[in-house]
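For reference, the structure is listed below as structure tokens.
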Amino acid sequence: MTMLDDRAKMLLKALVERYIADGHPVGSRTLSRSTGIDLSPATIRNVMSDLEELGLIASPHTSAGRVPTARGYRLFVDTMLTVQREAMLNAPSLAPDQPQKVIANAAHLLSDLSHFVGVVMAPRRSSVFRHIEFLRLSDKRLLVIIVTPEGDVQNRVLFTQTDYLPSQLIEAANYLNQNYAGMAIEQVREKLLAEVEKLRGEIAGLMQAAVQVSSEALSQPQDDVVISGERNLLSVSDFSSDMGNLRRAFDLFEQKTQLVRLLDCSAQAEGVRIYIGGESQVVPVEELSVVSAPYEVDGQVVGTLGVIGPTRMAYDRMIQIVDITAKLVGHALSQNK
């Protein structure tokens, strides 16, 4: 990162904080009136032109003031941000009765507290099954019911060559539950192949077909990303004045795959990460930033959550909101087990 002297750092910090606070390009006169800056307007102008040459600030054509660039924000976030760690008092708890509800509540909580967009990537579902049942729907048509250790229930319709008797369905389900419950579906499939000789032909076929649909059911991504508060961006001046920006932001929410990729990146990281738009390919919309953190259940990272808002946001507050919500979600989901 660029080496700046203390004077330049102080001015960049003051400029970014002022711009975050009121959204207007910041001029040297405004800065010279800022508290604690004891420099002449001429000196300030010189330092600002240095910062501009370094690509840390830029001047919009319409005004004499300057605004931070993505690089300027990044330097501010990495080196100048001091988060007051007093936890947000009265942080609400998230009802732990159902994982889906915890995720939805967390997305709402993030958007309510930040006044921007809350996103939560649902926990990766395990491919382990706890229990399996067959229900006869009609000739040669069965419903396979798969329950995961987390209590998720998946149903799949299975079309069969044979019309199975109720006693055969019970026998097949009992065999799977007694011998394989708690294993990953992939392991079950391998073991079944090895044991096919021992099992009666038609039941072996039924179990293999059931394991195949179970595998598809469990490996399918669930509604990966829950998004709350997109409408909050309508009231952010950075977007409301530019429909193109707003449209690009909403495109990002529509293409959830890009969001999933972004949140997946931060699942690899520890603690809160900040992605600044225009800085890299990760956030495709220049005016958007993402503050995200992974959340854990029983010490394992299972998902990620975060706030998406304008690049001009109060990062210290967002870091606290995201950090605390990640802990709340982890706590609620761990209790739920």
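The values are calculated or read from the model by the stated rules, or taken from the named source; none is laboratory data. Please read these numbers as outputs of a predicted model, since none were measured by experiment. Positions of Cβ are generated from backbone atoms using ideal geometry, with glycine treated the same way; all protein chains shown enter the neighbour counts.
Quick rundown of the values:
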quantity	calculated
Top-ranked residue in the range 179-205 [being part of a helix (DSSP H, G or I) and basic (K, R); ranked as farthest from D163 (Cα to Cα)]	K191
Any hit, the range 5-14, residues being under 21 Å from M313 (Cβ atoms), assigned to a loop (DSSP other than H, G, I, E, B) and either free of Cβ contacts under 8 Å to residues at least 12 places away in the same chain or not β-branched (V, I, T) (or both)	no
The range 294-308 - residue that is β-branched (V, I, T) and more than 12 Å from A269 (Cβ to Cβ) and, of those, farthest from the chain's Cα centre (by Cα)	V297
Residues (in contact with a Ser or Thr (Cβ under 7 Å, 6 or more places away or on another chain) and closer than 24 Å to E279 by Cβ) located in the range 294-309	P294, T304, L305, G306, V307, G309
Test: residue in the range 190-201 that is farther than 26 Å from I324 by Cα, of a type outside the set (D, E), in contact with a strand residue (DSSP E or B) (Cβ under 9 Å, 6 or more places away or on another chain) and not assigned by TED's automatic domain parsing to the domain that holds E287	no
Considering residues of the range 157-174 that are in contact with a helix residue (DSSP H, G or I) (Cβ under 7 Å, 6 or more places away or on another chain) and part of a helix (DSSP H, G or I) only, the residue surrounded by the most Cβ atoms within 10 Å (Cβ to Cβ)	A172
Search result, residues across the range 221-249 that are surrounded by fewer than 17 Cβ atoms within 10 Å (Cβ to Cβ), not aliphatic (A, V, I, L, M) and not in a loop (DSSP other than H, G, I, E, B)	R231, S235, S237, S240, G244, R247
